[in-house]
C-alpha cells in the first residue's frame, strides 16, 4: 500500500517568496568597501564590520512579519554612506546604482545630508530630527534602523564590560545622552509590532544601564 504524503501547510514564513541575493548585493558590498575605509571609533575594527553586521541582522529576519527584500539588505549595507561620505551627491549615486527603493531607505536612515562631514548639524539637532522622522517611517526602514541600533548598543555593552566608562570617550556625547537616545529609539520601535531585533535591543540597553548604575 502506498504511503499517502500530506502536503505541509503553509505558515506565515512561507507567504512571501524566499529572499535571493543577486550580483547587485555583491556590487553593494564592494561599493560600501570603497566608501568606508575608516575604522570604528576608538578601535582597530574596520567600519565594514558594522555594515556587514547590520546587513546580517536584517537578513536574519527573512521569513518574518516584515518581508525582507534584497533592497533592504543593500540599504542596510549603505545606511551610513550618505551621512558619512558625501551627503546628497552620494544619495544620488546610490539611487543611480541601486534604484529608488534603496535610495528611499538610505535617505530615511540618514541623520544628515551635509556634504562636508565637518559641517554636520549639532548632535542633538540631528538625533531629534531623526527620531521625529522615524516615527512615521514604514516597517522596512524601522527594521533596518533597529538592526543598526542593536549593533551599536551591543558594541558599547561589550566594550563597557572590558574598559568601563572609557568607552563613552569615543563619542560626541557621554553615557547619559547615549542612553537617552537609545530610550527614545525604543519608544519608537515599541510603538510598532515587536520583533526579535527590538526585543534584543531592549535587553541590551537594560543590561547597559544596570552595569553603568553599578559602577561607583
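The values are calculated or read from the model by the stated rules, or taken from the named source; none is laboratory data. Being a predicted model, the structure only gives us computed values, none of them experimental. Cβ atoms come from the backbone with ideal geometry, glycine included; neighbour counts cover every protein chain shown.
Pairs, please: C-beta under 8 Å, at least 6 apart or cross-chain, first residue at positive phi and in contact (Cβ under 8 Å) with a residue 40 or more places away in the chain and in the range 38-67, second loosely packed, with under 14 Cβ neighbours inside 10 Å and part of a loop (DSSP other than H, G, I, E, B)? Going by the 8 Å Cβ cut-off, the qualifying pairs are 63/18.
Within the set 201, 186, 157, 150, the sole residue that is assigned to a helix (DSSP H, G or I), surrounded by 14 or more Cβ atoms within 10 Å (Cβ to Cβ) and free of Cβ contacts under 8 Å to residues at least 40 places away in the same chain turns out to be 186. Among the residues of the range 55-79, those identified as under 15 Å from residue 147 (Cβ atoms), in contact with a helix residue (DSSP H, G or I) (Cβ under 7 Å, 6 or more places away or on another chain) and not in a helix (DSSP H, G or I) are 61, 66, 68, 78, 79.
Would you call residue 56 modelled with pLDDT of 95 or more, surrounded by fewer than 18 Cβ atoms within 10 Å (Cβ to Cβ) and closer than 30 Å to residue 167 by Cβ? Reasoning before the result, please.
Details: modelled with pLDDT of 95 or more: yes; surrounded by fewer than 18 Cβ atoms within 10 Å (Cβ to Cβ): yes; closer than 30 Å to residue 167 by Cβ: yes.
So residue 56 fits the description; yes.
Applying the criterion of being at pLDDT 90 or above and surrounded by fewer than 12 Cβ atoms within 10 Å (Cβ to Cβ) to the residues of the range 12-37, the residue that is nearest to residue 143 (Cα to Cα) is 20. Count of the range 32-54 residues, restricted to those that are within 14 Å of residue 83 (Cβ to Cβ) and in a loop (DSSP other than H, G, I, E, B), is 3. Of the residues making up the range 168-183, those that are crowded, with 17+ Cβ neighbours inside 10 Å and in contact (Cβ under 8 Å) with a residue 24 or more places away in the chain are 175, 179, 181, 182.
What do you reckon, is residue 110 in contact (Cβ under 8 Å) with a residue 40 or more places away in the chain and out of contact with any strand residue (DSSP E or B) (no Cβ under 8 Å at 6 or more places or on another chain)?
Numbers: in contact (Cβ under 8 Å) with a residue 40 or more places away in the chain: no; out of contact with any strand residue (DSSP E or B) (no Cβ under 8 Å at 6 or more places or on another chain): yes.
Criteria not met by residue 110.
Considering only the range 114-131, I want to know if a residue exists there that is buried (at least 20 other Cβ atoms within 10 Å of the Cβ), without any contact (Cβ under 8 Å) to a residue 60 or more places away in the chain and part of a helix (DSSP H, G or I). Show your work before the answer.
In the first step, residues of the range 114-131 are kept if they are buried (at least 20 other Cβ atoms within 10 Å of the Cβ); the result is 130.
Now drop any that are not without any contact (Cβ under 8 Å) to a residue 60 or more places away in the chain, which leaves 130.
Filter once more, so that each one left must be part of a helix (DSSP H, G or I): 130.
Yes, because at least one residue in the range 114-131 is buried (at least 20 other Cβ atoms within 10 Å of the Cβ), without any contact (Cβ under 8 Å) to a residue 60 or more places away in the chain and part of a helix (DSSP H, G or I).
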